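Reviewing the structure listed below.
The values are calculated or read from the model by the stated rules, or taken from the named source; none is laboratory data. Predicted, not measured: the structure shown is a model, and the values here were computed from it. Methodologically, a virtual Cβ is constructed for each residue, glycine included, from the backbone with ideal geometry; neighbour enumeration extends over all protein chains shown.
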Amino acid sequence: MEIRINEQKLDANLEKEKTIGQVLAALEQWISDSGHILSGMRLDGLSVTASQIEEVFNREIDSVKILEIETNSLAQISASCLVTLLDDIKQYENLDFQEKAKFFDNWKESACAKFLFTEMSGLYKLCSSAFSSGEISIQTLSSITEERLREVTEPLKEFTDIEPVLNQICEKLVDLPLDIQTGKDIKAAQTIQVFTALTEKILRLFYQLDTQGFFYADGEFETEISEQVEEKKEKLIQKINGFTDVLKELLDAYEKNDSVLVGDLAEYEAAVKIKELYTSILESCPNGVKNDQ
């Protein structure tokens, strides 16, 4: 059986898989890791409907000549959802008090809300806070949504644009133990807050750069992941794991008010490792050019 993904032939050896369902199960993680989701399927040119799924899954692969799989870019779906969310925010702002009170109950049943709940749970919680309890302002939600949209549509630009903030926070990390010792609690808390938020942003952008194909040198949707790219990503993941371990130690030391340990971790570990991680991710994008999806 020949397998095609988005009209590209997949060079795959089917040794253990005996049914269409087993083939799809084997491909599911690979498709997800590529930043895509399954959107359609054809067997020998005939489209598979939702009502046929169970029957198709049980079909023997020997009974099918060509399995065609269509996928959609998760980044494109995310961008569309975020644009919709911005429209929802504008709609909410124009409602009167009574209509605003009912908005969230209706909104949470929308396709956009369900997508956010599954794929961007943190943003969904912020929407819940803004639309129902008012714990965060609608202006703050709008600003965060616009930021997330930039991360999805222009991840490399967004990544390079955070370098000045990165440099500033690394300087503040050096001053962190002194701020704690001299009772500048608000300044110290702000440093930790910005550092943590920046870390989360770098990790989100790493995911976007990875799944959108920025680590590849060509512009094709990869049907075979090269060993070179896999090795590059593995090294980055190791750096990320090492950095997150340091971050946990730093936050733990800060909560215990251990200024000596905070100083050592902040200046010699956290500030150094976050810069190393940032540089490594940036250098892993060939020519700084986005691959087309």
TODO: List every residue pair whose Cβ atoms sit under 8 Å apart, with the two residues 6 or more apart in sequence or on different chains, where the first one lies in the stretch 186-197 and is closer than 17 Å to residue 174 by Cβ and the second, anywhere, is surrounded by fewer than 15 Cβ atoms within 10 Å (Cβ to Cβ).
DONE: 194/165
Task: Qualifying helices (runs of 4 or more DSSP H) (wholly inside the stretch 89-200; at least 2 residues being basic (Lys, Arg), at pLDDT 95 or above and out of contact with any Ser or Thr (no Cβ under 7 Å at 6 or more places or on another chain)) - done: 138-153
Open item on the list: So if I check each of 242, 288, 213, which one is at pLDDT below 85 and touching a Lys or Arg at 6+ places or on another chain (Cβ under 9 Å)?
Closed with: 213
Open item on the list: All but one of (1) under 30 Å from residue 127 (Cβ atoms); (2) acidic (Asp, Glu); (3) modelled with pLDDT of 90 or more hold for residue 60; state the number of the condition that does not hold.
Closed with: (1)
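Looking at the stretch 1-47, which of its residues are in a strand (DSSP E or B) and among the charged types (D, E, K, R)?
2, 4, 9, 42, listed by residue number.
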- [ ] Hey, can you tell me all the residues within the stretch 169-194 that are among the polar types (S, T, N, Q), within 28 Å of the chain's Cα centre (by Cα) and surrounded by 13 or more Cβ atoms within 10 Å (Cβ to Cβ)?
- [x] 190, 191
Task: Members of the stretch 16-35 that are touching a helix residue (DSSP H, G or I) at 6+ places or on another chain (Cβ under 7 Å) and more than 15 Å from residue 68 (Cα to Cα) - done: 17, 18, 34, 35
